[in-house]
Amino acid sequence: MTDPNRDAGHPDEEPLTGDGVTQGIVRVGNTVRRPVRPFTLTVQAYLAHLRAAGFSGAPVPLGLDDQGREVLSFVPGEVPREPLPPGTAGEEVLIELARLIRRLHDAAQGWVPPADATWGGIPGARMTTSPPDGRPLLVGHRDYCPGNVVFRDGLPAALIDFDLAKPTTRVEDLANALYWWAPLLHPKDRAPAFVDLDIPHRVAVFADAYGMTAPQRHALVPAATRMIGRFHVNMRAAAATDPVFRRMWDGGVKDRLPRAEAWIRDEGPAITARLTAAG
Ligand SMILES: Nc1ncnc2c1ncn2[C@@H]1O[C@H](COP(=O)(O)OP(=O)(O)OP(=O)(O)O)[C@@H](O)[C@H]1O
Ligand SMILES: [Mg+2]
């Protein structure tokens, strides 16, 4: 059957641009069309599992269209951009995000990816997560940047852009969310409304809302520290191979990541102390 929207630039196709990593994303009615990448079918299988497990905070996978593009449901709401707007600095945003991720993790728990699963990553990445043996793995989102969180009524309601999803631990995945939303950044690199916030307190609020266990609380800062170090190595490598990442690197990432590494070295102990304090 001929897709009535097959011509590029068709008036019914509204271009969607996020952080500019993925070209060619368009909205068509209640659907989004995205280019197919090697990991697309694996991610669609994951999204189908999430839906079957009762998680509604992610796009519904709808297969491929007759142009060979990925089709997903359009998730209504507002997607913030960096710098994060002042309205997103409240604790209720952190609490709702933590609850959303808890529901995602609980739905993901126990899903065994297909034997031929293929996962995405940033171009030229040198370091990948390799959680120590024995830690339970689940497929997490792994990229909770502002452009991947859909808000409704001022609160996080859904997640989009599962391009970096892959097996990880709950703690590693939570470290990523906190990097963006606590945030785990030097004050110089935070949006204005986040500069003076009490980050150890915010991390504890998030941990309570998620229901982090004592071992997870002890593991968080070490995981975040490794993750920020990995971001630094991988973003430098990506900048050397891909012009979009080169622009991000030159546009400030090259300074932000070393500052974040130094900041978490200094502030990490206070975060762990707050996270693990009794009561
Ligand atoms: N299923 C969806 N429902 C609603 N909006 C979407 C959906 N998919 C994408 N969008 C919108 O399009 C923007 C870009 O999409 P997406 O996040 O998938 O790509 P990207 O931002 O280029 O990739 P990256 O986040 O890796 O840079 C999103 O920030 C969001 O505003
Ligand atoms: Mg995105």
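If the condition is being more than 26 Å from P38 (Cβ to Cβ) and open to solvent by 10 Å² or more (accessible area, probe 1.4 Å), then region 99-118 contributes R99, R102, R103, D106.
Residues in region 117-144 that are charged (D, E, K, R), farther than 19 Å from P215 by Cβ and modelled with pLDDT under 95: how many? Residues flagged as charged (D, E, K, R), farther than 19 Å from P215 by Cβ and modelled with pLDDT under 95 within region 117-144 amount to 1.
The residue that is nearest to L159 (Cα to Cα), counting only those in region 55-68 that are touching a Lys or Arg at 6+ places or on another chain (Cβ under 9 Å) and open to solvent by 30 Å² or more (accessible area, probe 1.4 Å), is S56. Looking at region 161-179, is at least one residue farther than 26 Å from G57 by Cα, out of contact with any Lys or Arg (no Cβ under 7 Å at 6 or more places or on another chain), assigned to a loop (DSSP other than H, G, I, E, B) and open to solvent by 10 Å² or more (accessible area, probe 1.4 Å)? Checked region 161-179: no residue is farther than 26 Å from G57 by Cα, out of contact with any Lys or Arg (no Cβ under 7 Å at 6 or more places or on another chain), assigned to a loop (DSSP other than H, G, I, E, B) and open to solvent by 10 Å² or more (accessible area, probe 1.4 Å).
The conditions of being within 20 Å of Y179 (Cβ to Cβ), surrounded by fewer than 19 Cβ atoms within 10 Å (Cβ to Cβ) and within 15 Å of ligand 2 (Cβ to nearest atom) are met by R81.
Considering only residues in region 10-44 that are under 18 Å from the mean Cα position of the chain (by Cα) and of a type in the set (G, A, S), the one that is nearest to ligand 2 (Cβ to nearest atom) turns out to be G18. Quickly run through region 5-54 and pick out the residues that are away from ligand 1 (no atom under 16 Å from the Cβ), exposed (fewer than 11 other Cβ atoms within 10 Å of the Cβ) and either modelled with pLDDT of 90 or more or outside any loop (DSSP other than H, G, I, E, B) (or both). A52, G54 - these are the residues of region 5-54 that are away from ligand 1 (no atom under 16 Å from the Cβ), exposed (fewer than 11 other Cβ atoms within 10 Å of the Cβ) and either modelled with pLDDT of 90 or more or outside any loop (DSSP other than H, G, I, E, B) (or both).
Give the residue that is least open to solvent (accessible area, probe 1.4 Å), with candidates limited to residues of region 192-225 that are in contact (Cβ under 8 Å) with a residue 60 or more places away in the chain and in contact with a Ser or Thr (Cβ under 8 Å, 6 or more places away or on another chain). Once the filter is applied, the top-ranked residue is A193.
The values are calculated or read from the model by the stated rules, or taken from the named source; none is laboratory data. Owing to the predicted nature of the structure, the values given are computational and were not obtained by experimental measurement. Positions of Cβ are generated from backbone atoms using ideal geometry, with glycine treated the same way; all protein chains shown enter the neighbour counts. Heads up: the accessible areas ignore ligands, DNA and RNA and are worked out on the full protein's heavy atoms, side chains in. Shrake-Rupley method; radii C 1.70, N 1.55, O 1.52, S 1.80 Å.
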